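First comes the structure, then the notes that go with it.
The values are calculated or read from the model by the stated rules, or taken from the named source; none is laboratory data. Here the structure is a predicted model, which means the values were calculated and not measured. Cβ: placed from backbone, ideal geometry, glycine included. Neighbour counts: every protein chain shown.
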């Protein structure tokens, strides 16, 4: 059995960068509209995107001319983001973590974390966000929340992951479920946390695309792992059973949790 897959959060995606960049879902325009309307995002804002990865979330911000400090600890992911985003004048690549961003005190208007917050050391990240935020600054935590039961395909896919993936149960346990926001309430306390389901959207894949999407996930065994071939064989069976016109669909809700941290409000 291979031992090449690292369990350290900062290393889990090192061998998955190309699949992550190509096959992970983007974020709908409605999300950026909510950030503008509810968090005060504007052209002059300075954003720290924590766990920025390959830059999928922050690319539309940079395209609007917003200044974004992309804080990413994983070298391979960070370099992919630099390749994607280097043409934007407001892009700054930072080799930091959620707990130690390396950014100056009271230097940013909004802290964002897209598909990343569940990997953070929450108390240390909260202290760091409070340090770098300007008075009145906001935190936005974002997920593309994949449905596990919207279709027979997604039910079968979820069952496959629970039986064949390396540490899927542990990763799922770290994420925020739709009905349990107590951890986020504690993170933002004493201020309220606001939950917004922004939009439902989908990705459609042929089998090669589905395979790439699966391999972009840190809990899926890689080709040098003895668990890889059984998983892929079963994935093919599920695809053949459920594909319509040669494709299957992943269905997502984009979910935003946002609020302000104590000590950074204008009260």
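When the criteria are applied in full, residue 113 meets the requirement of being touching a strand residue (DSSP E or B) at 6+ places or on another chain (Cβ under 8 Å), under 20 Å from residue 258 (Cβ atoms), surrounded by 24 or more Cβ atoms within 10 Å (Cβ to Cβ) and touching a residue at least 60 places away in the same chain (Cβ under 8 Å). Restricting attention to the stretch 80-103, the residues being over 15 Å from residue 115 (Cβ atoms), without any contact (Cβ under 8 Å) to a residue 60 or more places away in the chain and part of a helix (DSSP H, G or I) number 3. Of the residues making up the stretch 119-136, not a single one is touching a helix residue (DSSP H, G or I) at 6+ places or on another chain (Cβ under 6 Å) and under 14 Å from residue 45 (Cβ atoms).
Applying the set (1) assigned to a loop (DSSP other than H, G, I, E, B); (2) touching a helix residue (DSSP H, G or I) at 6+ places or on another chain (Cβ under 8 Å); (3) under 25 Å from residue 211 (Cβ atoms) to residue 25 leaves exactly one unmet item: (2).
Residues that are closer than 30 Å to residue 262 by Cα, at pLDDT 90 or above and outside any helix (DSSP H, G or I) within the stretch 155-200 comprise 189, 190, 191, 192, 193, 194, 195, 196, 197, 198, listed in sequence order. Checking each residue in the stretch 114-132 for being at pLDDT 95 or above and closer than 20 Å to residue 24 by Cα picks out only 114.
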